[in-house]
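Asks: My questions all concern the structure below.
Nothing in this text is a laboratory measurement; each read-out follows from the coordinates by a stated rule. This one's a predicted model, so the numbers in the text were calculated from it and none came from an experiment. Here the Cβ positions follow ideal geometry from the backbone for every residue, glycine too, while neighbour counts run over all protein chains shown.
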Amino acid sequence: MREDLLHFIWKYRKLPKKGLLTSNDQEVEILEVGIHNHLAGPDFFNAKIHIGGQLWAGNVEIHVKSSDWYVHGHERDPNYNTVILHVVWEDDATVFRSDESEIPTLELRQSIPAYLLNNYQGLFKKRHKRFINCEKDIDQIEPFAFQNWLDRLYFERLENKSILVEDLLKDSRNNWEHVLFALLLKNFGSKINGESFLSLGRVLDFSVIRKIQNDPFKLESVFFGLAGLLKNDSITDIHYTNLAKEYGYLKTKYQLNDEGVQRPEFFKLRPANFPTIRLSQLANLYGKHPNLFSKVMEAGSITDIYSIFTISASDYWDTHFTFGKESKRSTKKLTKIFVDLLIINTIIPLKFCYAKHTGKEVNEEITVLASQLKKEENTIVKSFGGHGIEARNALESQALLQLYNEYCTKNKCLDCVVGATILNRNI
């Protein structure tokens with residue numbers, strides 16, 4: 001038995017309407033189960049319950065065993081003095097509030113429907129399951145309910161991404177341009193160099209960017225210099241030595257400090273994703289768009305955003321992937337797939353957070369943008385597809401990532417529409 005099942009049973013009234021008795025044989029009639037509390041304190045606030053003919057209004061605490069009351073130290077916590085009913089699977093101890101008054105206890109072992117317990121045990125039985133608990137049933141959920149759940153999951157994922165945005169906003173003293181710059185750095189770095197590039201964004205004052213962004217060469221020298229990519233004295237390439245010289249000058253002029261910046265990796269990366277290429281592309285993006293944040297916020301369509309990110313690395317990189325080693329000529333443009341990832345992980349989360357701060361409603365615009373992007377191709381999304389759940393666009397692939405990472409892997413099935421549906425089947 002797990003506590004989450006008891007929460008589910010109480011919240012959704014999966015108990016007999018009549019015949020419930022406390023351990024002291026007082027009749028229990030549940031009028032209102034209360035508000036589910038996911039934070040510290042009692043599990044349900046503001047419940048209304050008849051106990052022994054007396055109407056009580058207060059909080060409800062739920063445990064597997066009554067003795068858990070003492071395990072968690074509730075008898076010493078005044079926040080639990082307002083508990084009017086202790087709901088448990090097994091009543092193995094009498095419990096008291098801090099003022100030593102006894103709390104009525106409702107034991108559920110004999111009151112839960114057998115079908116519900118069987119469904120619960122089947123859901124969490126790991127035998128023959130390779131992906132998620134509900135892998136044999138998820139494709140049978142009513143489509144309308146599942147689609148609504150995906151929409152909720154997508155915005156839940158945006159809320160999670162807002163944590164980094166709020167953190168950057170605080171560090172930059174509400175400088176939205178700097179927040180965009182740092183987020184772009186993180187996502188230009190992708191999975192392998194994301195944290196490295198973000199560390200560069202945290203130490204570089206955006207005022208420096210404003211002063212030199214009309215010259216992408218200067219921007220590149222600062223990016224490469226802070227990233228530790230201009231410290232190889234054995235490279236005699238003229239472009240490299242010019243960049244190193246320029247960085248030395250700008251470092252002194254603007255008192256730049258690379259302390260805390262993580263050195264980016266080249267290992268396991270395709271050449272098109274080398275940090276040299278990505279940092280040059282970002283430098284040219286800012287060289288082309290002086291007021292990038294305003295342009296991004298004003299862009300109301302995918303086409304508008306694509307036009308902003310139609311940029312390439314500097315000419316030097318047409319014949320190079322690393323300093324001093326020539327390669328076959330090719331223009332290092334941002335690909336559509338890469339720009340789509342920038343929209344998913346940078347532009348949309350930033351639009352979402354900025355709207356919250358300014359009191360604007362952009363949920364519909366965000367939904368349209370995400371729905372127009374192709375779904376992401378990764379192991380998780382493909383695994384859902386193998387079980388009959390095909391993502392049609394980026395909104396749905398992002399929602400499936402949220403579902404897998406925040407619910408499936410954490411066994412939070414009873415907080416999920418799919419798990420709740422399976423549990424309620426009365427077969």
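Asks: For every other residue with a beta carbon closer than 12 angstrom to the beta carbon of Asn175, add +1 if it is Lys or Arg and -1 if Asp or Glu, then tell me the sum.
Replies: Spelling it out: positives minus negatives among the neighbours equals 0.
Asks: Which lysines, on any chain, are close to Lys328 with Cα under 23 Å apart, when same-chain ones fewer than 8 places away are left out?
Replies: Partners found: Lys268, Lys336.
Asks: Please report the net charge: other residues with Cβ closer than 12 Å to the Cβ of Glu195, K and R +1, D and E -1.
Replies: Working: positive: Lys186, Lys191, Arg202, Arg263; negative: Glu265.
So the environment of Glu195 carries a net charge of +3.
Asks: While we're here: Which aspartates and glutamates have a Cα less than 12 Å from the Cα of Lys375, not counting those fewer than 8 places away in the same chain?
Replies: Those aspartates and glutamates meeting the cut-off are Asp340, Glu390, Glu396.
Asks: Excluding same-chain residues fewer than 8 positions from Lys65, which aspartates and glutamates have a Cα within less than 18 Å of its Cα?
Replies: Within the straight-line limit of under 18 Å, Lys65 reaches these aspartates and glutamates: Glu3, Asp4, Asp43, Glu75, Glu90, Asp91, Asp92, Glu102, Glu107.
Asks: Distance between the C-alpha centers of the range 121-135 and the range 344-418? Whole Å please.
Replies: 23
Asks: Same structure again: If contacts are Cα pairs under 8 angstrom and at least 6 residues apart, what is the relative contact order of the chain in percent?
Replies: On the way: 599 pairs, mean separation 59.7, N = 427.
Over the chain, the number comes to 14 percent.
Asks: Another question about this same structure. Could you give each residue of the range 89-105 its phi-based ³J(HN,Hα) in whole Hz, using Karplus coefficients 6.51, -1.76, 1.60 with θ = phi - 60°, and x for Gly or Pro?
Replies: Calculated HN-Hα couplings, in order: 7, 10, 8, 10, 6, 7, 10, 10, 6, 5, 8, 6, 7, 6, 9, x, 10 Hz.
Asks: Which value, in Å³ per residue, describes the convex hull spanned by the Cα atoms of the chain?
Replies: That works out to 192 Å³ per residue.
Asks: Mind ranking 92-98, 155-161, 125-131 by how tightly packed they are, going by the mean number of other C-beta atoms within 10 angstrom, highest first? Could the numbers behind the result be given before it?
Replies: Details: 92-98: 15.4, 155-161: 17.0, 125-131: 9.1.
Final packing ranking: 155-161, 92-98, 125-131.
Asks: Related question: Can you list the HN-Hα couplings for the range 286-299, worked out from phi with the Karplus curve (6.51, -1.76, 1.60; θ = phi - 60°), rounded to whole Hz and with x for Gly and Pro?
Replies: 6, x, 7, 10, x, 10, 5, 4, 4, 5, 5, 5, 7, 5
Asks: Tell me the net charge near Lys11. Cut-off is 13 Å between Cβ atoms, Lys11 excluded, with +1 for each Lys or Arg and -1 for each Asp or Glu.
Replies: -3
Asks: Also, I was wondering about something else. Between 0 and 90 degrees, rounded to the nearest ten: what's the tilt of helix 143-171 against the longest Cα principal axis of the chain?
Replies: 60
Asks: Report, in degrees rounded to the nearest 10, the 0 to 90 angle that the Cα long axis of helix 190-203 makes with the longest principal axis of the chain.
Replies: Here the helix axis deviates by roughly 80 degrees.
Asks: So, one more: Please get the size of the charge dipole for the range 3-112, origin at its Cα centre, with Cβ charges of +1 on Lys and Arg and -1 on Asp and Glu, quoted in debye to the nearest 20.
Replies: Values: 10 positive and 18 negative charges, 105 e Å.
Dipole about the Cα centre, nearest 20: 500 debye.
Asks: Go ahead and estimate [θ] at 222 nm for the chain from helices alone: -39,500 (n - 2.57) per DSSP H run with n ≥ 4, summed, over the residue count, rounded to 500.
Replies: Taking each H run of at least 4 residues, the total per residue is -14000 deg cm²/dmol.
Asks: Also, quick follow-up: When the Karplus curve 6.51 cos²θ - 1.76 cosθ + 1.60 is applied with θ = phi - 60°, which whole-Hz ³J(HN,Hα) does each residue of the range 305-314 get, with x for Gly and Pro?
Replies: 5, 4, 5, 5, 9, 7, 9, 9, 5, 4
Asks: Specify the angular offset, from 0 to 90 degrees and rounded to the nearest 10, of the alpha carbon long axis of helix 394-403 from the longest principal axis of the alpha carbons in the chain.
Replies: 50
Asks: Under 5 Å between amide hydrogens, which residues at least 5 positions from Asp92 or on another chain qualify, with H placed 1.01 Å from N in the peptide plane?
Replies: Distant-sequence amide H within range of Asp92: Ser66, Ser67.
Asks: Can I ask one more? Tally the DSSP beta bridges in the chain and give the antiparallel ones as a percent, rounded to 5.
Replies: Values: 17 of 26 bridges.
If we restrict to bridges inside the chain, about 65 percent are antiparallel.
Asks: How big is the charge dipole of the chain about its Cα centre, in debye rounded to the nearest 20, if each Lys and Arg gets +1 on its Cβ and each Asp and Glu gets -1 on its Cβ?
Replies: Its charge dipole is roughly 1860 debye.
Asks: Between Trp89, Trp56, Trp149, which gets the highest mean-square fluctuation from a Gaussian network model of the chain, Cα cutoff 10 Å?
Replies: Ranking Trp89, Trp56, Trp149 by mean-square fluctuation puts Trp56 first.
Asks: Which entries of Lys231/Lys325; Lys17/Lys125; Lys161/Lys245 have Cα-Cα distances beyond 28 Å here?
Replies: Lys17/Lys125; Lys161/Lys245
Asks: Could you tell me what percent of the DSSP beta bridges with both partners in the range 3-112 are antiparallel, to the nearest 5?
Replies: Details: 14 of 23 bridges.
Around 60 percent antiparallel, to the nearest 5.
Asks: log10 I(q)/I(0), Debye, Cα-only the range 3-112, no solvent, q = 0.19, 0.23 Å⁻¹?
Replies: Summing over Cα pairs of the range 3-112 leads to -0.93, -1.49.
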